[in-house]
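Okay, structure first, notes after.
The values are calculated or read from the model by the stated rules, or taken from the named source; none is laboratory data. From a predicted model like this one, the values you see are computed outputs, not experimental measurements. Every residue, glycine among them, receives a Cβ derived from its backbone with ideal geometry; neighbour counts consider all protein chains shown. We work out accessible area using only protein heavy atoms, side chains counted, and drop any ligands, DNA or RNA first. Shrake-Rupley method; radii C 1.70, N 1.55, O 1.52, S 1.80 Å.
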Amino acid sequence: MASIGTLWTVPVQVPGKIIRAAAAFGGVTIDLPASYVHFEDNKKPEFLSKFPHGKIPSFEGKNGFKLFESTAIARYVAGLAPNSGLLGKSPEDAALIDQWIHLAESEVDTYTALIRNLVNGNVPGYTKPVHTALLERQLRALSTLEKHISSRTFFVGERITLADIYVAGLVQRALSVNIDKALRPKFPNLIRHTETIINQPAFKGIFEPTPVLETAPVFSPPKKEKEVKPAKPAAPPAPKAEKPKKKEEDDEDDNLVPEEPKVKNPLEDLPKSTLNLEDWKRAYSNKETRGPGGALEWFYENYDKTGFSVWRVDFKYPSELTQIFMSNNQVGGFFNRLEASRKYLFGSVGVLGEANNSLISGALILRGQDAEPVVNVAPDWESYDFKKLDLEKAEDKAFFEGALAWDLEIDGKKWADGKNVSDLPPVLPE
Amino acid sequence: MSDTVAGTLWTTPGQFTGKAIKATAAYAGIKIAYPASYIHFEDNYKPDFVTKFPYSKVPAWEGADGFTLFESAPIARYIASLAPESGLLGKTAKEAALIDQWIHLMEEANNYTENIELYIQHVLTPYSKSSHELFVQYQIRALRVLNSHLAQRTFLVGDALTLADIFIAALVLRACGINIATAERAKLPHLVRHMEMVLNQPVFVEAGIFPPIPVLDKAGSPFLSFD
């Protein structure tokens, strides 16, 4: 049979496998792309002009018909082979097939994906209660499926339909993500069904053998120095493709593609520096700031003034400031909004003075020679003045040291409280 | 409209997918009935409900012929299929597939709407600002695709109302009460125009299916107090 078109997917993508299986079962030939690199090709104009959502699976028919969304494609492909029985024999059959697919997708797979992404840190906000709540919902839906299939071979009628392929594919996925040895005994019939379906001769080469997960992965909070990896707009695509297979599958069909491809960060292209900012942050945290053997001493020994620069930062509107703790919160908020530049930035900024008579000022150590590329990730960066410091000048050096030591004084206003970038809590509260 | 009742729909007053199904039936000229009394969170766990609808969720459908079905979009699609001349499922297999596509995309956005609502209502706790913002980002991304598609179009698929239009309008209306506020709507003008067009279809107005589009000055926040 001539190919009906091309399905953009990648080999590990579960909905892609389901569509390929439906096509194979129905004797419908579909092509896979000659070359497709996910996270790169799907952001290019030629892809987006065809598939505006930028996701896979996406289908382009030989006659130019374009379609995206997994179940829509699967149903369309199945409909091209009416004798296959994949969509049942009556409107009622078709509706029941819809029902089971919809249940598996929205009530099992949505949670499988969310559980995986919270546990592996791809999506922020992990807490045990949320994990438990999601697991309960996923298990509830799996139980409904288990009950239905316990007295049946197939989900609808007495032959394979699209519902069987979908449920098997998504159950297999759940079994590889979080339905581990402890949970498997709850779903013996569902597992029996999954194995029956994926091992159909027609599906040879499409599904991998079902893994037996020893224990479901658990969440481990990130260390303070390490950056948590939410789906940040600035994340370059290449590293994701290098990650192990499991992660790749997850990213492709889990909507973790950042919204707009941001221009590559110029800070990444700077020549390597001898100063490692993380080492500095550690030194600052562990040592006294001033004095022999202190952090400042370490800094002057290791500072690379080509690769880095030192800045004074002042809040432009000190007359707006009221309570010290509120101003301090403002600094904290500003640092939070600088999160995306965390690896290019160290800051020690404080509130000086008293309630209703204060100012915000401090020092930043930044990668490169320009403040803007580092700080403009924060939408409110223009509320602050940035002035480059020259550590050869006594005045600037004293300012820098005062900011780091938290004893800075400006116009008689003494340092009352402050924040350092390195003492921010991790993004995920525990 | 046909006088014969085709079946009974279980739903709740605030359920927007339920409204989409009602609208589908109204447009298709299919008469549906509602249970004499139904208390959600109670009746749906009772044996007579569970035997029919093992997942215990609504919306749920029981045809006059005894056929039982649950899951929102499948019910809507099934009811539409009972009236093929309504055009709700398109005129060709390709149109039907495109209707599927847009509904599926909207369901994805609606997923995020739901999560956002759960955060705002303090149902999903503890609150995580970063994940709230991520959900909004994903929701808006999907809504933008719909908005762009509607820039030069009145209907999502073809040149007449289909199930896709009903579903999208109903779930955008829902989002308008949660986080798609004045500012967000200004950035999704075609989607808002489309929603207004659908909700104002005479058959939906007569049947009183959809509530008015709420005015929302600011997206809901978990830090607003609720009465």
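Sorting B:L82, B:L105 by accessible area puts them as B:L82, B:L105; the probe is 1.4 Å, largest comes first, and only protein heavy atoms count. Can you tell which of B:P126, A:M326, B:G90 lies farthest toward the positive end of the dipole of the protein assembly as shown, using +1 and -1 charges on the Cβ of basic and acidic side chains (Lys, Arg; Asp, Glu)? With unit charges placed on the Cβ atoms, the residue in question is B:G90.
Show me A:197-210, A:302-315 ranked by packing, highest mean number of other Cβ atoms within 10 Å first.
Working: A:197-210: 15.3, A:302-315: 17.6.
Packing proxy ranking, top to bottom: A:302-315, A:197-210.
For region A:129-188, GluC sites (Glu not before Pro) meeting the loop criterion (DSSP other than H, G, I, E, B) and having at most 12 other Cβ atoms within 10 Å: A:E158.
Could you please state, rounded to a whole Å, how far the C-alpha centre of region A:259-334 is from the C-alpha centre of region A:1-39? Result: 49 Å between the Cα centres.
Mean partner shielding of peptide B:121-127, defined as the number of other chain Cβ atoms within 10 Å of each residue Cβ, is 3.
Mind checking region B:22-127 for GluC sites (Glu not before Pro) that DSSP puts in a loop (not H, G, I, E or B) and that have at most 16 other Cβ atoms within 10 Å? Walk me through the numbers before you get to the answer.
Working: sites: B:E42, B:E62, B:E71, B:E85, B:E95, B:E107, B:E108, B:E114, B:E117; in loops: B:E42, B:E71.
Counting only loop positions with at most 16 other Cβ atoms within 10 Å, the GluC sites (Glu not before Pro) in region B:22-127 are B:E42.
Could you size up the charge dipole of chain B around its Cα centre, putting +1 on the beta carbon of Lys and Arg and -1 on that of Asp and Glu, and report it in debye to the nearest 20?
Values: 18 positive and 22 negative charges, 106 e Å.
Charge dipole of chain B: 500 debye, to the nearest 20.
Largest to smallest in accessible area, the residues B:Y38, A:Y384 fall in the order B:Y38, A:Y384 (1.4 Å probe, all protein chains included).
In square angstrom and rounded to 100, what buried accessible area do you get between chains A and B, total over both, with the probe at 1.4 Å?
On the way: alone 21130 and 11820 Å², together 28950 Å².
What A and B bury together is about 4000 Å².
Considering only A:S151, A:A95, A:P129, and ranking their Cα positions along the charge dipole of region A:64-154 that arises from unit charges at the beta-carbon of Lys, Arg, Asp and Glu, the one farthest toward the positive end is A:P129. Farthest towards the positive end of the charge dipole of region A:5-84, among the residues A:G27, A:F39, A:A78, is the Cα of A:A78, using unit charges on the Cβ of Lys, Arg, Asp and Glu. A drop of at least 30 square angstrom in accessible area, chain alone versus all protein chains together, probe 1.4 Å. Which residues of region B:67-94 meet that? Correct list: B:F67, B:L69, B:F70, B:E71, B:P74, B:R77, B:Y78, B:K94.
Give me the percent of the accessible area of the protein assembly as shown that comes from carbon and sulfur atoms, probe 1.4 Å, all protein chains in place. Kindly include the intermediate steps, with their values, before the conclusion.
Values: 15730 of 28950 Å².
Exposed carbon and sulfur together represent 54 percent of the surface.
Where the convex hull is taken over the Cα atoms of region B:111-227, what is its projected area averaged over directions, in nm²?
Numbers: hull surface 31.4 nm².
Here the figure is 7.9 nm², rounded to one decimal.
Rolling a 1.4 Å probe across all protein chains gives B:M197 an accessible area of roughly 50 Å². Only Cα sites of the protein assembly as shown enter the Debye sum here, all with the same form factor; the resulting log10 I(q)/I(0) across q = 0.08, 0.10 1/Å is -0.68, -0.98, listed in q order.
Taken about its Cα centre, region A:5-84 carries a charge dipole of about 120 debye when Lys and Arg each add +1 at the Cβ and Asp and Glu each add -1 at the Cβ.
Counts of other chain beta carbons within 10 angstrom of each beta carbon in peptide A:49-59 average 2.
Using C-alpha positions alone, give me the convex hull volume of region B:162-204 per residue in cubic angstrom. Intermediate results must be reported in sequence, preceding the final value.
On the way: hull volume 2.7 nm³, N = 43.
With only Cα atoms used, region B:162-204 gives 64 Å³ per residue.
Residue-wise HN-Hα couplings along region B:16-21, as the Karplus relation 6.51 cos²θ - 1.76 cosθ + 1.60 with θ = phi - 60° gives them from phi, are 6, 5, x, 5, 4, 5 Hz; Gly and Pro carry x.
Basic side chains Lys and Arg get +1 at the Cβ, acidic Asp and Glu get -1 at the Cβ, and with that the dipole of the protein assembly as shown about its Cα centre reaches some 1020 debye.
Normalised per residue, the accessible area of chain A is 45 Å², obtained with a 1.4 Å probe and no contribution from ligands, DNA or RNA. The mean number of Cβ atoms from other chains found within 10 Å of a Cβ in peptide A:345-356 is 0, as a whole number.
Give the ranking of A:E92, A:E320 by solvent-accessible surface, highest area first, calculated with a 1.4 Å probe. Could you put the intermediate results ahead of the total?
Numbers: A:E92 50, A:E320 120 Å².
The most accessible residue leads, giving A:E320, A:E92.
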